[in-house]
1. Out of the range B:1-40, which residues are among the acidic types (Asp, Glu), under 13 Å from residue B:83 (Cβ atoms) and touching a residue at least 24 places away in the same chain (Cβ under 8 Å)?
2. Out of the range B:372-391, which residues are aliphatic (A, V, I, L, M) and either more than 8 Å from every other protein chain (Cβ to nearest Cβ) or under 13 Å from residue A:282 (Cα atoms) (or both)?
3. Restricting to the range B:256-285, what's the tally of residues that are facing chain A (nearest Cβ under 8 Å), farther than 29 Å from residue B:29 by Cα and not in a loop (DSSP other than H, G, I, E, B)?
4. Test residue A:298 against the stated conditions and say whether it is open to solvent by less than 30 Å² (accessible area, probe 1.4 Å) and within 19 Å of residue A:365 (Cα to Cα).
5. Every residue in the range B:126-143 that is acidic (Asp, Glu) and surrounded by 17 or more Cβ atoms within 10 Å (Cβ to Cβ), please.
6. Output the helices (runs of 4 or more DSSP H) that fall wholly within the range A:1-85 and possess 3 or more residues being surrounded by fewer than 17 Cβ atoms within 10 Å (Cβ to Cβ) and either of a type in the set (Lys, Arg) or assigned by TED's automatic domain parsing to the domain that holds residue A:114 (or both), or say none.
7. Of all the residues that make up the range A:210-250, how many are without any contact (Cβ under 8 Å) to a residue 12 or more places away in the chain and closer than 30 Å to residue A:362 by Cβ?
8. Can you pull out the residues in the range B:121-130 that are outside any loop (DSSP other than H, G, I, E, B) and within 18 Å of residue B:91 (Cβ to Cβ)?
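The values are calculated or read from the model by the stated rules, or taken from the named source; none is laboratory data. Fair warning: this is a prediction, and the values are worked out from it, not measured in the lab. Backbone-built Cβ (ideal geometry, glycine too); neighbour counts: all protein chains shown. For accessibility, only protein heavy atoms count, side chains too; no ligands or nucleic acids. Shrake-Rupley method; radii C 1.70, N 1.55, O 1.52, S 1.80 Å.
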Amino acid sequence: MSFVLNEDEQMLRDSARAFLAESAPVTALRALRDEKSPTGFSSELWSSFAEMGWSGVLVSEDHGGVDMGYAAAGLVLEEMGRTLASSPFLSTSVLAATAFNLAGTDAQKSKWLPRIAAGETVIAIALDERARHNPDHIETRAKKDGNGFVLSGKKRFVNEGAGADLLIVVARMDDDQIGLFMVDPKANGVSREDRRTVDSHVPADFTFDDVKLDGDAFLSGADDSDAAYRRLLDAGRACQAAESLGVAEQAFDDTIAYISEREQFGVPISSFQGLQHRAAHLLGELELARSLVRRALTTLDTQPSQAPLWCVAAKAKATQVSRLAAAEGIQMHGGVGMTDEYDIGLYYKRAQAAGEFLGDDAFNAGEVARMSGY
Amino acid sequence: MSLENFRKETKDWLEANCPQGMRQPIKSEADICWGGRNWTFASEDQKVWLERMAERGWTLPTWPKEYGGGGLSKEEAFVLKEEMKAINARSPLDSFGIWMLGPALLKYGTHEQKLEFLPPIARGEIRWCQGYSEPGAGSDLVSLRTKGVLEGDHYTVNGQKVWTSYADKSDWIFALVRTEADAPKYNGISFLLIDMDQPGVTTKPIKLISGKSPFCETFFDDAKALVKNRVGEAGQGWEIAKYLLSHERAGIVSEAAFGGLNPVTAAHQSGEVDADGKMSDPILRGDVARLTIDGLAFDATMRRVKEEADHGEGVGARASLLKYMGTELNKRRNELNMSALGYDGLLWEGEKESDGEVARSWLRSRANSIEGGTSEINLNIVAKRVLNLPGA
């Protein structure tokens, strides 16, 4: 485990930064928003993720991926956070790939992992059913029916739901264990309602009305399906935290740049102690979030059994700090921080939305307390 | 010798030489061995442990052997630390000589000065205190006015220091003294080593809100400091002081990160937990969870900064950021300890020796963000030297 990036990781970060600055700058998100993109992401950008070799970051080389691990996935997400890049990378390359790695049968892996690595598919994870994330509140049912299953229930705010080719649905089985099920969003009995959110993404709500599934829709490769589900969530939390960290970092950098250039009373406002102390405190919070995110990601790669506590801690901290960084950013920008012209407001919106997914700081702090035995 | 062999030898030596009494957690301040001419050992075990470790140079494992250290590599020193931790061995010696003066002498002292002053630090024979702050020079330390006038082979020193930790128990003081009256203020200060066993030096303890008196006022009335005991050049004192402050900040930070009681244990002590061990008050539990998160984050950050320093990125002004965050965290921990203990935390004096300990620690922690540079001064340093923002 190392906090310092190795040479491969540095190269990955540098190429991600350069590529996203060119191909997915903040203006790209504005364009998606203004043209009311039906999916909220660009298919062209998603294809280019495959060309960059990122789509298969968690896919083994046997299945056409590069198998670089969560630390590498986190670096891509951090850079995505910096430019507010909207892409199915977290849903598909992280969560779906992890779901197949942990719970897929050999046949399921052979079929889907190469497609993920090639950027040929968009897979969304249908998880939450209520207004706030809670992994135990799963009422969607997958009832055994002959060799297959019948799925019924409702899912809310499924990321990339509007553009997904395949859903992985979290459902409770007859023994009340959690299972992961592949569902074609166009199948009979599936209805979709798109939701436009404050961060210009387009998640979707799904209703499953006695949807018939084949037996091999169930990801049945895990010994303990429930445990695989928990591990999937933890990996997702660390990776979502990495994106939030990137949001926080760029919000901070934009703010420092702005206060350095803006003059009042004949001097840059960055020379005022009132702003300097806020900025210095924020840097401290950023350092804490950075350490936890890196620690969670590297622990997932090297000592997965130790990872859960680090993952929830990182998610809590990154959520809190990204929201703080953007909120402080607006305040330090002053009036222009309230305008649509400046980017800081977009960071504030994304920090809120990214923080909600897989649990905000309050939820994950509760998990920290529970795992720590108090 | 390979690290594995070193580990085995160290383990065996510790097993054979660390007295049982020195394998218990530190219970009170008397359990910490500070050394010095006037030191009274709390027990025979404490004395034996210091002597055995000092003889091996392991009170200062990484210092050169000729100066009383152990000559160990960083990796070996880490192994020693781990093996000591494994048997709960106490530190044989703690002192400002080890944390502060030693590093400054190693960097700025002459060979003769090192030979004279370092071995007695390593053996715990001389106890040092630090003379920096003055009544009129706190955060604005460079305005200090204690004056040294060169007279032949010595400086005659006059003035007053304040917040000198344990000055009343110390043998020597390393002090910042203005020796170059005409030089610009940053260049007029020298770093002098002054023997406190002379009529010109007196000390007076200051009683704190914790009821204790770890700090003193120290007065110099025509005190003598030999010129050969000046560290560095005349006027180089400010540079040395800044170097040393970064060591002090690191020391305060490690204390913040690893010290004492936590609120969960406190809640168990006061009975404020449910049958399943869950803290009874949900809001307090949430506050404690956020403390846990920041504690994990802080530990991880310390490790990251160390790793980055090993890769040549340096700690530099980031020490100020760590000091600020670590001390604020320690204050929060103490506040939550008090909340978790409720009424029990208010105990001040009673039958048990431990009565009032938590409250004293809580009160003591308020000083963390004042001593060694206030939080506000450290935020200034971060703003200017890390973020490169303009101004004063």
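1. B:15 - this is the single residue of the range B:1-40 that is among the acidic types (Asp, Glu), under 13 Å from residue B:83 (Cβ atoms) and touching a residue at least 24 places away in the same chain (Cβ under 8 Å).
2. Step one: of the range B:372-391, the residues aliphatic (A, V, I, L, M) are B:377, B:379, B:381-383, B:386-387, B:389.
Result: B:377, B:379, B:381, B:382, B:383, B:386, B:387.
3. Residues of the range B:256-285 that are facing chain A (nearest Cβ under 8 Å), as a first pass: B:264, B:267, B:273, B:277-279, B:285.
Checking the rest, the ones that are also farther than 29 Å from residue B:29 by Cα come to B:273, B:277-279, B:285.
From the residues that got through so far, the ones that are not in a loop (DSSP other than H, G, I, E, B) too are B:273, B:279, B:285.
Summing the residues that are facing chain A (nearest Cβ under 8 Å), farther than 29 Å from residue B:29 by Cα and not in a loop (DSSP other than H, G, I, E, B) in the range B:256-285 gives 3.
4. Values: open to solvent by less than 30 Å² (accessible area, probe 1.4 Å): yes; within 19 Å of residue A:365 (Cα to Cα): no.
Criteria not met by residue A:298.
5. In the first step, residues of the range B:126-143 are kept if they are acidic (Asp, Glu); the result is B:134, B:140.
B:134 - this is the single residue of the range B:126-143 that is acidic (Asp, Glu) and surrounded by 17 or more Cβ atoms within 10 Å (Cβ to Cβ).
6. Working: elements: A:7-23, A:26-34, A:43-51, A:70-83.
Output list reads A:7-23, A:26-34, A:43-51.
7. To start, the set of residues in the range A:210-250 that are without any contact (Cβ under 8 Å) to a residue 12 or more places away in the chain comprises A:223-224, A:227.
With closer than 30 Å to residue A:362 by Cβ added as a condition, the list becomes A:224, A:227.
Of the residues in the range A:210-250, 2 are without any contact (Cβ under 8 Å) to a residue 12 or more places away in the chain and closer than 30 Å to residue A:362 by Cβ.
8. First, the residues of the range B:121-130 that are outside any loop (DSSP other than H, G, I, E, B): B:121-122, B:128-130.
Passing the criteria: B:121, B:122, B:128.
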